[in-house]
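The values are calculated or read from the model by the stated rules, or taken from the named source; none is laboratory data. This is a predicted model, so every value here is computed, not measured. Neighbour counts run over all protein chains shown; Cβ positions are idealised from the backbone, glycine included. For the accessible areas, the whole protein counts, side chains as well, though only heavy atoms, and no ligand, DNA or RNA atoms are used. Shrake-Rupley method; radii C 1.70, N 1.55, O 1.52, S 1.80 Å.
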Amino acid sequence: MSYIPAELIKKKKLGGCHSREELNWLISAFTRGEFTDYQMAAWAMAVWFNGLTDDETTALTNSMLHSGSRFDFSFLNAPRVDKHSTGGVGDKTSLLVGPLLAAAKIYTPMISGRGLGHTGGTLDKLESIPGFRVNLSRKEFQSHVTHHYFAVMGQTADICPADKKLYSLRDVTSTVDSLPLICASIMSKKLAEDLTGLVLDVKFGSGAFMRSIADARKLARTLKAIGEKSGVRVAALLTNMNEPLGRFAGNAAEVLECYEILQGKTFAVGGRDLYAPTRDLSLELSAHALLLSGRVNDLVHARNQIRELLASGAALRAFENLLEHQGPSDISRLPTAKFSKELTATRSGFVSAMQTEAIGLALIELGAGRKTTADHIDPTAGIEMFVRTGDAVSAGAPLCRFFANSAAEFVTVEQLLARALEIGETPPKQIPLVAEVLADSP
Ligand code: URA
């Protein structure tokens with residue numbers, strides 16, 4: 001059966017409901033290039049406005065999963081657990097969770113994405129390390145996971161090809177923040193990994209695709225239901241993305257932050273460790289992953305074991321192993337920016353809020369993300385945060401520093417950041433980093 005593309009777009013534009021056959025055809029025609037990019041962009045926008053039912057979302061996920069082939073790790077006879085985030089700014093925890101789980105000898109086959117909308121992507125971060133290869137063949141990925149527990153790759157022409165194409169199209173057509181499109185994108189990749197467990201980091205707040213915790217909860221429940229229907233144990237943590245996570249946002253700088261955390265380093269400013277949010281969230285996500293593996297019986301033991309793997313240097317060795325087998329890559333040659341500028345407070349008060357999406361857009365202006373699918377990333381571009389929401393600041397005090405290999409957009413970036421970092425009379429209510437956990441339902 002074949003369909004007329006414009007008729008399918010019209011159906012969703014008018015709020016109609018697609019059959020499973022229609023979605024299968026749409027995704028396979030898109031993968032073959034017969035449903036064109038401009039038609040897909042129009043359809044994705046229609047979905048953005050009119051949504052998909054739960055049945056349509058599940059059918060779309062399955063069509064996207066079956067647009068390519070799936071890994072089969074059943075021969076390992078052992079748990080396979082991954083974590084995936086719905087996207088944030090400075091959201092770098094995969095670079096720590098993967099090594100922590102590898103150190104725990106938990107198989108972690110990780111299919112990741114590039115930057116999406118105003119958020120960063122694991123593949124772009126890892127590619128800032130000279131020599132690092134994310135374009136692994138199916139065979140290489142399978143072999144790396146089998147022998148080293150942890151490997152990272154992107155979608156390919158063989159694995160999740162529909163997500164590969166749709167992901168980069170959504171990135172530049174303002175169709176990222178759609179609950180069903182996020183669900184299908186994430187779960188098609190995760191189901192292709194042949195997992196037994198999945199930890200979801202579902203972000204809410206000014207830098208997340210879901211602004212309210214209620215929307216994040218709805219997204220988490222839908223993601224979880226799709227995973228569980230396929231026999232995967234899923235836990236979802238609803239986490240605070242009202243400010244960038246940790247010290248840095250930007251590809252090479254985020255890698256540096258993670259590498260230093262793995263080395264046991266802290267970065268203290270005014271008696272507070274700016275690496276703490278990145279470290280704490282990564283440890284918590286990893287502990288939940290370890291619990292899902294079934295290797296420990298409770299979260300307290302899982303947390304203790306994961307903390308020990310960081311403290312002992314075992315996770316650092318797992319990261320260095322990843323750099324070797326997906327390279328050889330040389331982290332000592334992590335590129336650094338030629339230009340940098342500080343933003344200072346124009347008045348005294350408290351950091352009352354951060355418009356974190358605007359911080360992500362400032363990163364794109366700096367070159368850390370893409371405006372069109374053909375754009376090249378400047379791996380050195382980034383922002384270093386000196387303050388966190390709630391901090392008291394005096395007029396003239398540094399708030400953040402931004403940097404890149406070109407200063408061409410510095411005026412625009414400075415204006416964006418000055419508006420994004422709000423200073424008020426009183427400190428805001430503090431929101432915990434992990435606000436809620438939807439535990440798996442065995
Ligand atoms: N991560 C993904 O892989 N896809 C999305 O749509 C959002 C976050």
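Details
- The residues packed around Ser286, meaning those with a beta-carbon under 10 Å from its beta-carbon, carry a net charge of +2 if Lys and Arg are +1 and Asp and Glu are -1.
- Neighbour cut-off at most 12 other Cβ (10 Å), DSSP loop, GluC sites (Glu not before Pro), segment 375-442: Glu425
- Integer Hz, Karplus 6.51/-1.76/1.60 couplings in order for segment 311-319, x for Gly and Pro: 4, 7, x, 5, 5, 4, 5, 5, 5
- Its Cα centre serving as origin, the chain has a Cβ charge dipole (Lys and Arg +1, Asp and Glu -1) of approximately 320 debye.
- Potential lengthening of the chain between Thr336 and Arg317 amounts to 4.4 nm, from the contour at 0.36 nm per residue minus the alpha-carbon distance.
- Within straight-line reach of Lys338, meaning a Cα separation under 30 Å, sit the following lysines at least 8 residues removed in sequence or on another chain: Lys92, Lys125, Lys265, Lys371.
- By average C-beta atoms within 10 angstrom, highest first, the peptides 311-320, 332-341: 311-320, 332-341
- Difference of contour (0.36 nm per residue) and Cα-Cα distance, Asp158 to Glu414: 88.0 nm
- Once the 1.4 Å probe is applied to the protein heavy atoms, segment 44-126 comes out at 27 Å² accessible per residue.
- Cα convex hull of segment 1-90, projected area averaged across orientations, nm²: 8.4 nm²
- Long-range amide H partners of Gly88 with built H, under 5 Å: Gly120
- Estimated FRET transfer efficiency when R0 is 22 angstrom, pair Ser212-Thr426 (beta carbons, to 0.05): 0.45
- Neighbourhood net charge (15 Å Cβ-Cβ; Lys/Arg +1, Asp/Glu -1) for Ser406: -2
- Val269 long-range amide H proximity, modeled H, under 5 Å: Leu274
- Note on Ser19/Ala374: beta-carbon distance plugged into 1/(1 + (r/R0)^6) with R0 of 45 Å gives a FRET efficiency of 0.80.
- Gain in span if fully extended, Asn405 to Ser441, counting 0.36 nm per residue against the direct Cα distance: 8.2 nm
- Take the Cβ atoms of Asp54 and His147, set R0 to 60 Å, and the FRET efficiency comes out at 0.95.
- Three-way shape call for segment 271-401 based on the alpha-carbon gyration tensor, with the a/c threshold at 1.5: oblate
- In segment 5-51, Rg over Rh equals 0.93, where Rg is the alpha-carbon radius of gyration and Rh the Kirkwood radius from pairwise Cα distances.
- For segment 289-296, Karplus couplings with θ = phi - 60° (6.51, -1.76, 1.60), whole Hz, Gly/Pro x: 5, 4, 4, 5, 5, x, 7, 10
- Across the chain, the volume of the C-alpha convex hull divided among the residues equals 136 Å³ per residue.
- Heavy-atom surface analysis with a 1.4 Å probe gives the chain a carbon and sulfur content of 53 percent of its accessible area.
- Paramagnetic reach from Ala395 (point 7 Å along Cα→Cβ, amide N under 15 Å) across segment 305-347: 344-347
- Value of D in µm² per second that Stokes-Einstein yields for segment 179-241, Kirkwood Rh from Cα pairs, at 10 °C (1.306 mPa s): 136 µm²/s
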